[in-house]
Amino acid sequence: QVQLVESGGGLVQPGSSLILSCKVSGINFKLFPMDWYRQVPGKERELVATITVSGSVTYGDPVKGRFAVSRDNARRTVSLQMNGLKPEETAVYYCHLKDRSGDRWGQGTQVTVPQ
């Protein structure tokens, strides 16, 4: 079955960097655009970044210039480099893809940036 497994979250100080990874299995990874979302308790999930099958990238306005998404089709992995982290970016970060069965989500990885 399709599985998405995020890793790399943790507790970091404001201004620090962190790299999140998402390993995908059970699907032909290179055929699908991949997204990173984040969610704060009580709020809707927010789209952070998208990378297409050809490698084109788009970012949500709050992270432009600080975050970078990339993919490695050979390793079936999508990564999110996060720089200059802010306390308000404390959230659970999820990777996502959509196939003909619908939305696929990982379990999420917690990123905490204290005040």
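The values are calculated or read from the model by the stated rules, or taken from the named source; none is laboratory data. Please read all numbers here as calculations on a predicted model, not as lab measurements. Positions of Cβ are backbone-derived with ideal geometry, glycine not excepted, and every protein chain shown enters the neighbour counts. With ligands, DNA and RNA removed, areas are computed over all heavy atoms of the protein, side chains included. Shrake-Rupley method; radii C 1.70, N 1.55, O 1.52, S 1.80 Å.
Descriptive notes on the structure:
- Global geometry of the range 1-57, whether rounded, prolate or oblate, following the gyration tensor of its Cα atoms and the 1.5 cut on a/c: prolate
- Only the Cβ atoms of Lys and Arg (+1) and of Asp and Glu (-1) were treated as charged; on that basis the dipole of the chain about its Cα centre amounts to roughly 300 debye.
- Between S101 and S56, full extension at 0.36 nm per residue minus the direct alpha carbon distance yields a gain of 13.8 nm.
- Each of K86 and T112 was given a label point 7 Å from its Cα along the Cα-to-Cβ line. The distance between the two points is 2.1 nm.
- Relative contact order of the chain, defined on C-alpha pairs under 8 angstrom at six or more residues apart (%): 36
- Summed residue charge, Cβ within 13 Å of V2's Cβ, Lys/Arg positive, Asp/Glu negative: +3
- Summed over the residues of the range 1-104 and divided among them, the accessible surface reaches 54 Å² per residue at a probe radius of 1.4 Å.
- Simple spin-label estimate for N73 and S17 in nanometres, 7 Å along Cα-Cβ: 2.7
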